[in-house]
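K.L.:
My structure is below; once you've seen it, I'll send some questions.
The values are calculated or read from the model by the stated rules, or taken from the named source; none is laboratory data. All of these numbers come straight from a predicted model, not from anything done at the bench. Here the Cβ positions follow ideal geometry from the backbone for every residue, glycine too, while neighbour counts run over all protein chains shown. Surface areas here come from the heavy atoms of the whole protein model, side chains and all, with no ligands, DNA or RNA. Shrake-Rupley method; radii C 1.70, N 1.55, O 1.52, S 1.80 Å.
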Amino acid sequence: MASERGGQEQEEPPGVQLARLLRGWWEAAGSASGGTRPTQQALASRLGIDQTTLSRYLNRNHQSTAPPRVVAALHAQLRAPAQELERAQALCRASLEDLGRQRAAGGTPVPADGADAETRGGDASGRSLPRWALPAVVAVAVLSFLAGTVVQGQFAEDRTVAASGSTGAGSAHATHGPQRWPLVKRKKHEDQFTWGRTVQNLLKHQGYELEVDGIFGDRTYEAVMDFQRRHHLSPDGKVGDDTWPALVVEIHIGAEGFPVRAAQELLDKAGQGGTEVSGTFTPTTASNVKFFQQGHGLPVTGAVDVPTWRALLMSQSPADDTPAYQKSPGASPSVSA
């Protein structure tokens, strides 16, 4: 049985093996004498990430994308066997490389169980299908995939339009091709999104007096217009393909200030686990940047350059549970430009 299980693991993607290993650590945490297994909510709080992200890392039916720092923290928090840390780190690196190849090829990770039922001649519940039904199943799957691709593309465009608060034809501008930037412009007063905060943080770095609240109001609009004039850009008050490259600045270890805070907020919301928003570019921040770059097919430098800024911005999606520091600028430590 053990050899059969070992053979199965050899065939599984490294991300799935990593998920099984991390899940095993968590499930075994309460087996020691006098030990108590922490809830996922409590464990996520200790790690500085949200519970949904942790559950994704521990899901044995999917490829785990847990970054190295989270793997090491889980190993310590759950008091997992010392000899398993090296294997977990190796699986983490292999999973990261695998994810990078999939992104470069335009593919997506495949769940470990259930999703491949059609290739086994059965449905997701494990029941066998008649041979005559297989061609029909395959045809339906292909048509569903094609339809899903169209819907997903339309949804991505709609999400960009909604986030920018725009309804005109120019709003879809940000979704065309990998070299595009998000289009950010004036929004309703109650809207608070990371794109708006990024614009404001970067403008504050340029000396503009603004609140970093994510609300793209009149003051932010006027500051964008003035910045565009100073940089010989069309003063339309919109931050898009022409304005973003002039607004972002390259940052690396040792940098401080508003651009660092902006990049850390983007990393924190990119779905790879918590990134401390301190305004100081620490070695940990650089490690997080490298992990993001590897997963997005970018040169792994640890510095936030123009392509990395663009990828970070395009990886954002507005969340319902906006962190407190994003809702109130007073909740964040002050940072000098």
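K.L.:
If R0 is 25 Å, what FRET efficiency do you get for ALA90 and THR301 from their C-beta distance, rounded to 0.05?
P.N.:
Efficiency for this residue pair is about 0.60.
K.L.:
Something else about it: Any number yet on Rg/Rh for the range 199-239, C-alpha, Kirkwood? Could the numbers behind the result be given before it?
P.N.:
Values: Rg = 9.3 Å, Rh = 10.1 Å.
Here the Rg-to-Rh quotient is 0.93.
K.L.:
Right, another one. Taking R0 as 25 Å, what FRET efficiency do you get between THR282 and GLU97 from their Cβ-Cβ distance, rounded to the nearest 0.05?
P.N.:
For THR282 and GLU97, the calculated efficiency is 0.50.
K.L.:
Going by average Cβ neighbours within 10 Å, how do the peptides 224-230, 258-264 rank, with the highest at the top?
P.N.:
Peptide ranking by packing, descending: 258-264, 224-230.
K.L.:
Which links in LYS187/LYS269; LYS185/LYS290; LYS185/LYS269 stretch past 24 Å when you go from one Cα to the other?
P.N.:
LYS185/LYS290
K.L.:
Determine the order of LYS238, LYS269 by accessible area, beginning with the largest, at a probe radius of 1.4 Å.
P.N.:
Final ranking, largest accessible area leading: LYS238, LYS269.
K.L.:
Right, here's the next one. At 7 Å along Cα-to-Cβ for each site, give me the label-to-label distance between ARG79 and ILE253 in nm.
P.N.:
Output for this residue pair reads 3.4 nm.
K.L.:
How charged is the neighbourhood of ARG37? Take every other residue with its Cβ under 15 Å from the Cβ of ARG37, and add Lys/Arg as +1 and Asp/Glu as -1.
P.N.:
The answer is +2.
K.L.:
Sorted by mean Cβ packing within 10 Å, highest first, what order do the peptides 195-203, 13-21 take? Before the final figure, lay out each step's value.
P.N.:
Values: 195-203: 25.2, 13-21: 23.0.
Going by the mean number of other Cβ atoms within 10 Å, highest first, we get 195-203, 13-21.
K.L.:
Additional query: So how much accessible area does ILE253 have, in Å² to the nearest 10, using a 1.4 Å probe?
P.N.:
Rounded to the nearest 10, the figure is 100 Å².
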